[in-house]
Amino acid sequence: DLRLHPRDKISWLETGLKAAKMIGDRSAESAHLGNLGLAYFNLGETRKAIGHMERALNILRRIGNRRGEGNTLDNLGNAYARLCETRKAIEYHEQALDISREIGDRRGEGNSLGNLGNAYADLDQTKKSIEYYEQALDISREIGDRRGEGNSLGNLGNAYADLDQTKKSIEYYEQALDISREIGDRRGEG
């Protein structure tokens, strides 16, 4: 994600998708569809991204891949959030959160909580978004997910900036910056 342009990824993923279909590997097919959805999302082609993600979701449900289903639901939520369909985004994120908790996927749970925080921030429910961000931060720290920790800290910085608590927001931003530099995440650092 950090080093390859989405157009390059699309070319590789389409080849992988064709191969997965040829050999009948439904798991690989769903993975390539989901990753194509993310690549199109990163290009700003949100409707095209949703189409790929929905195809992946259908396969994941048929083959019983709950972790993949949860991840894809979160990605669909992010896509609908980009389209300003925040209530629909929340529905997807809540479904993903339920699955992550059901299967004990702490990373997925943290991601869903952070996504719910973003959705409530979009609805100008800043205090509610902070509650979700703090839960996501706790999980990231618990499992040693430094990138997730940095994302949560940055989100908390944004939330406190929205509340005009500049000093507190700067403290969170500085912590997020330190983590981005530590793990070599140039995008996060920027």
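Only the coordinates and a few stated rules stand behind these numbers; no lab work does. Everything numeric in this text was worked out from a predicted model, so none of it was measured. Every residue, glycine among them, receives a Cβ derived from its backbone with ideal geometry; neighbour counts consider all protein chains shown.
Looking at the calculated P(r) for the chain, what percent of the C-alpha pair distances fall above 28 Å?
In whole percent, the share of Cα-Cα pairs in the chain beyond 28 Å is 28.
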*Using just the helices of the chain, give the 222 nm mean residue ellipticity in deg cm²/dmol: DSSP H runs with n ≥ 4 each add -39,500 (n - 2.57), and the total is spread over all residues, rounded to 500.*
-28500 deg cm²/dmol
*Could you work out how far helix 66-82 tilts from the main Cα principal axis of the chain, as a 0 to 90 degree angle to the nearest 10?*
60
*Lysine pairs meeting the criterion (Cα under 24 Å, 8 or more apart or interchain), as found in the chain*: 12
*asked:* At R0 = 35 Å, how high is the FRET efficiency between residue 14 and residue 123 if r is their beta carbon distance? Nearest 0.05 is fine.
replied: 0.45
_Estimated inter-spin distance, residue 27 and residue 186, nm [label 7 Å along Cα→Cβ]_ = 3.4
_C-alpha long axis of helix 46-63 to longest principal axis of the chain, angle in °_ = 70
_Output needed for segment 71-178: three equivalent-ellipsoid semi-axes, defined as square roots of 5 times the C-alpha gyration tensor eigenvalues, in descending order, whole Å._
22, 17, 10
*Filter the GluC sites (Glu not before Pro) in segment 85-172 to those in DSSP coil with at most 15 other Cβ atoms within 10 Å of their Cβ, and list the result.*
85
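Add +1 for every Lys or Arg and -1 for every Asp or Glu among the other residues with Cβ under 15 Å from the Cβ of residue 136, and state the total.
Charge balance in the 15 Å sphere: -3.
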*Which whole-Hz couplings ³J(HN,Hα) result when phi for each residue of segment 88-101 is put into the Karplus expression 6.51 cos²θ - 1.76 cosθ + 1.60, θ = phi - 60°, listed in order with x for Gly and Pro?*
5, 4, 4, 4, 5, 5, 5, 5, 5, 4, 4, 5, 4, 5
*In degrees from 0 to 90, rounded to the nearest 10, what is the angle of the helix 146-162 Cα long axis to the longest principal axis of the chain?*
50
